[in-house]
Structures are given as structure tokens and as C-alpha cells.
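The values are calculated or read from the model by the stated rules, or taken from the named source; none is laboratory data. Since we're looking at a predicted model, the values are computed, not measured. Cβ atoms come from the backbone with ideal geometry, glycine included; neighbour counts cover every protein chain shown.
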Amino acid sequence: MNNTKHDHDHSTADTHEAKFAHFLPAPKKAPPTRNRMNIGIGVSLVWILVVLALVLLKQSSIQEMDLNEWGDFFAGVFAPLAFLWLVLGYLQQGDELRLSTDALRLQAQELNHSVTQQRELVQVTRQQLDAERLAYRETFERQRLAVQPRFKVMPSNIENQKQRFDLMNTGASVTDVTVTLFNRTVDGLLLSHGNSMASGETHTHLIILDLIESELARIDIRFRDNLGFDGSVSIKGKYINPSEGYVWTQENPQ
């Protein structure tokens, strides 16, 4: 049973290592340039030792060599080393060029990543601005609705083809109130101009009735709300008969 538990713990540890292996840094490899440098130094040392051994073995012959033979000797000794280091230098330049290319590639990837992040940041900022603009518009609309008047026409008695009606404001207070009547007889009769109407206030007006049944009329009311914006309301009326006069219906403020 202990062996089974030990095997279970060992397999669990292996699972965790495999799970988090990709988070661990990869083992560093020796740079190719350093390996080639070590190889070059080793081969050079071995070659020099071989040459020294040959010099010791051929010491009597070397002492009898002429100057041109000495030139051939040194050329034969150092030419392989020069060729070796030439090849190693060429390979080293290739490694450096490869490293430079990789560095440029990484810079290009980072630049692309930065551009992507900036694009996402711009998108998020635009969404935030749109949300703030929408919230501001909704708040503004609520404020506009809160300061809008509500006009109600209440007809009164009819005398001598004249009808008095009370114009009541059941909404917010307004200023610069202008009331104009339109019907078949008058086209833009100014009933009042420049008055203020507080909430709950009533103004009385007098109009001359048409004697044609189903005749239409309209009362235009222009005003300025507490936010300083101009608005208007049209109240339409229909002439019923001489005893009832006009019946009025209200439209929403504009």
C-alpha cells in the first residue's frame, strides 16, 4: 500500500511538472561561436604540437635548410591554421548576421504587437466615449423632460359667439410664452406675448367662434424652458356647435 501511495505521489508530481513545464525557461545552449572558438584553439594547439614534434624529429635536416626552404616550411606550418581561422571567421560572421536578423524579426513582432495594442486601446477609448456620450444624452433628455411644460385648455362659457378658455400649465415653469390662434377666420391671431407661466398657473383668453361645424383651429404656444431652450406646443381644436364651441387636443412639446 505504501508503494502504491508512493507511485501515486510520484505520478502526481510528474503531472504538475508537465503542466508547468512550458512556464519554465528553456535550458541555455552554448553559443555556436564559442564552440567554434574552442575547436579552433584546440586544433591550433594540436597542430603546433605536431609541428614541434616534427621539428624535434627532423632537427638535423632543419638546420641545413636554406632561406627559401624556411619560407616553404613556415608556409606549410601556418597556411592550414590561417585557412582554419578564415573558415571559423566566416562562420562567425554568419552567426552574427543570423542573430541580427532574429533581433530585427523580434523588433518587428514587438512593433506589430504594439500597433495591435494601440488599435485595441483606441477601440476601447472610442467605446468609452460613445458610452459617455450616450449617458450624457440620456441625462440631458431627462433634464429636458423635467423642465417641459404641460399645457391644458379648459373651455368655459360661450357668450355672443365668443368663447373664453383657460390655458393651464401643469408642467414646469416657463418664460417668454407666446400664444397664437389659427382658424378659418384668423391666420395667426396673437393672444398673448412674452408672459411667464409658473407651474399650476392659468391664463384666460377670448376667441371668436366660427359658426361652421367641424371647423378646425389650432393654438400654437411658444416658450423658453429653464435650461434656456426654446420649445413649442400645438393644441388642435374642432368646432362642434354654438353651444359647445371648440374641443381641444394637446400635442407633445417640441
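Somewhere in the stretch 227-241, is a residue at pLDDT below 85, among the aromatic types (Phe, Trp, Tyr) and part of a strand (DSSP E or B)?
Yes, the stretch 227-241 contains at least one residue that is at pLDDT below 85, among the aromatic types (Phe, Trp, Tyr) and part of a strand (DSSP E or B).
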Check your understanding: Is it the case that some residue within the stretch 185-198 is within 30 Å of Gln143 (Cβ to Cβ) and part of a loop (DSSP other than H, G, I, E, B)?
Key -> yes
Review point. From the residues in the stretch 21-68 that are at pLDDT 75 or above, surrounded by 12 or more Cβ atoms within 10 Å (Cβ to Cβ) and not hydrophobic (A, V, I, L, M, F, W, C), which one is nearest to Leu91 (Cα to Cα)?
Key: Arg36
Check your understanding: Taking the condition among the aliphatic types (A, V, I, L, M), part of a helix (DSSP H, G or I) and under 30 Å from Leu97 (Cβ atoms), does Leu56 pass?
Key -> no
Review point. Just one of the numbered conditions (1) under 26 Å from Thr202 (Cβ atoms); (2) modelled with pLDDT under 85 is not true of Gly94; which one?
Key: (1)
Practice item. Working only within the stretch 187-203, note down all residues that are polar (S, T, N, Q) and loosely packed, with under 14 Cβ neighbours inside 10 Å. Key: Ser196, Ser199, Thr202
Exercise for review: Kindly indicate the residue of the stretch 161-184 that is out of contact with any Asp or Glu (no Cβ under 6 Å at 6 or more places or on another chain), part of a loop (DSSP other than H, G, I, E, B) and surrounded by fewer than 16 Cβ atoms within 10 Å (Cβ to Cβ) and also modelled with the lowest pLDDT among those meeting that condition.
Suggested key: Gln161
**Study point:** Within the stretch 67-106, tally of residues that are of a type outside the set (Val, Ile, Thr) and more than 27 Å from Gly42 (Cβ to Cβ)
**Key:** 11
Check your understanding: From the list Ile212, Ile207, Ile221, Ile158, which residue is at pLDDT 85 or above and either basic (Lys, Arg) or within 30 Å of Asn241 (Cα to Cα) (or both)?
Key -> Ile221
**Study point:** Cβ-Cβ under 7 Å pairs, at least 6 apart or on other chains, the stretch 60-81 side within 30 Å of Asn38 (Cβ to Cβ), far side surrounded by 10 or more Cβ atoms within 10 Å (Cβ to Cβ)
**Key:** Phe73/Met65; Val77/Val51; Pro80/Trp47; Leu81/Ser44; Leu81/Trp47
Practice item. Working only within the stretch 59-70, note down all residues that are in a helix (DSSP H, G or I) and either closer than 17 Å to Leu81 by Cα or not charged (D, E, K, R) (or both). Key: Gln59, Ser60, Ser61, Ile62, Gln63, Leu67, Asn68, Trp70
